[in-house]
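For reference, the structure is listed below as structure tokens.
The values are calculated or read from the model by the stated rules, or taken from the named source; none is laboratory data. Owing to the predicted nature of the structure, the values given are computational and were not obtained by experimental measurement. Neighbour counts run over all protein chains shown; Cβ positions are idealised from the backbone, glycine included. We work out accessible area using only protein heavy atoms, side chains counted, and drop any ligands, DNA or RNA first. Shrake-Rupley method; radii C 1.70, N 1.55, O 1.52, S 1.80 Å.
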Amino acid sequence: MKNLIRKILKEPELKDKPPVLVDIGASENINSKWKQIAKYSVCLAFDADERDFQFIEKEQSNYKKLYVYNCIASDKEEGKVDFFLTSSPYCSSVLEPDIEKLKPHIHSQLFNVEKKVKQNSIHIQKAIDNAKLDYVDWYKSDSQGIDLRLFKSLDEKILKKVIVAEFEPGIIDAYINEDKLYSVIKELNESGFWLSDIRIKGVPRLSKESLDAEFKGNLFKKLIKESLKKAPGWGEMTFINSYENSELDKREYLLGWLFISLEKHHSFAFELADKGFKKFNYQLFNELKNYSKHRMKREVYRLKFLPALVELIKKKT
């Protein structure tokens, strides 16, 4: 795979227009999926809570070019916006936490507002323009409640050519007027993307008041949080371009195959390579198709079908 990554990213189309990666809410770490392509790529990283944004200096040399914005990525043209600093920096947001509706959940204290401040902001499209870029290939947003509106604020010509888009929207009411998971699915499906991965995350449905009243010891309380069944609270979602847009060119097909392979959707990568060869008559697509075919066979040989086969046998008996 490393050889194919190198071969694809040294194609003239990718050398002239390297992959552009956008990471909004990057306080924990820049997307680990990008490690293999970072040195060939341009990255724009945003995070407004500077209390936990120290990794940038360490990772900066890993990218072809890295733009860091310690300000709010916004869908509005405003110089400064209200920003709610919460007990956990990962919960800070431009949206006010809905403390009342969070009360039934064991992690509600993480959303307690320590301070409301005015924070510098930049429209996400303006940030892209400032970097003299006119495209985005892989978009990732964990903006604590405004993922969808940020994505939709991109220029339409950019939106149409995004290859992979990641979001982390809420299911429960964590913020007032937040973008919810069901809205993201509806909008992306209608915009030419398909849902390629979803991981539902959550915490036990137990108020902190009940926990503190009935159980003693911080260690035991932590164990309760980790041990009990979790109620869905938010989702980590990935969408892939369906490649129904005729404007997608050879560059997007090559890069699409690479991104989709990194996402381990080898069946779709196989079909995309086949489609790319037929459309552009370029031999590299056959090589990519053969690699995808090999990976599909390998998944079968690793006996990943066994759990499904066992379930089928159980049903018949």
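A few points about this structure:
- Anisotropy class of the chain from Cα gyration tensor, a/c 1.5 cut: oblate
- Heavy-atom surface analysis with a 1.4 Å probe gives the chain a carbon and sulfur content of 50 percent of its accessible area.
- GluC sites (Glu not before Pro) restricted to the stretch 178-247 and DSSP loop, no more than 16 other C-beta within 10 Å: E244, E247
- Charging the Cβ of each Asp and Glu at -1 and of each Lys and Arg at +1, and nothing else, the dipole of the chain about its Cα centre rounds to 1700 debye.
- With respect to the chain, whose longest principal axis is taken over its alpha-carbon atoms, helix 284-301 is tilted by about 60°.
- Which of I172, W257, L159, positive extreme of dipole for the chain (C-beta unit charges): W257
- Karplus-derived 3J(HN,Hα) values for the stretch 264-272, using 6.51 cos²θ - 1.76 cosθ + 1.60 with θ = phi - 60°, are 6, 9, 5, 5, 6, 4, 4, 5, 5 Hz; glycine and proline are entered as x.
- Relative contact order %, the chain, counting alpha carbon pairs below 8 Å whose residues are six or more apart: 14
- Applying the Karplus relation 6.51 cos²θ - 1.76 cosθ + 1.60 with θ = phi - 60° to the stretch 110-123 yields 3J(HN,Hα) values of 5, 9, 4, 7, 8, 6, 9, 10, 8, 10, 4, 9, 9, 4 Hz, where x marks Gly and Pro.
- Top positive-direction residue, dipole computed over the stretch 62-155 with Cβ charges, set L150, Y69, L110: Y69
- Trypsin sites (Lys or Arg not before Pro) within the stretch 90-154, DSSP loop, no more than 15 other Cβ atoms inside 10 Å: K132
- Across the cross-link table entries K33/K132; K15/K297; K101/K180, which are compared at the Cα atoms, the separations over 22 Å belong to K33/K132; K15/K297.
- Accessible surface area normalised per residue over the chain is 53 Å², counting heavy atoms of protein chains with a 1.4 Å rolling probe.
- Of all DSSP beta bridges in the chain, antiparallel share, percent nearest 5: 50
- When the trypsin sites (Lys or Arg not before Pro) in the stretch 173-242 are filtered for DSSP coil states and for at most 10 other beta-carbon atoms within 10 Å of their beta-carbon, the remaining sites are K216, K229.
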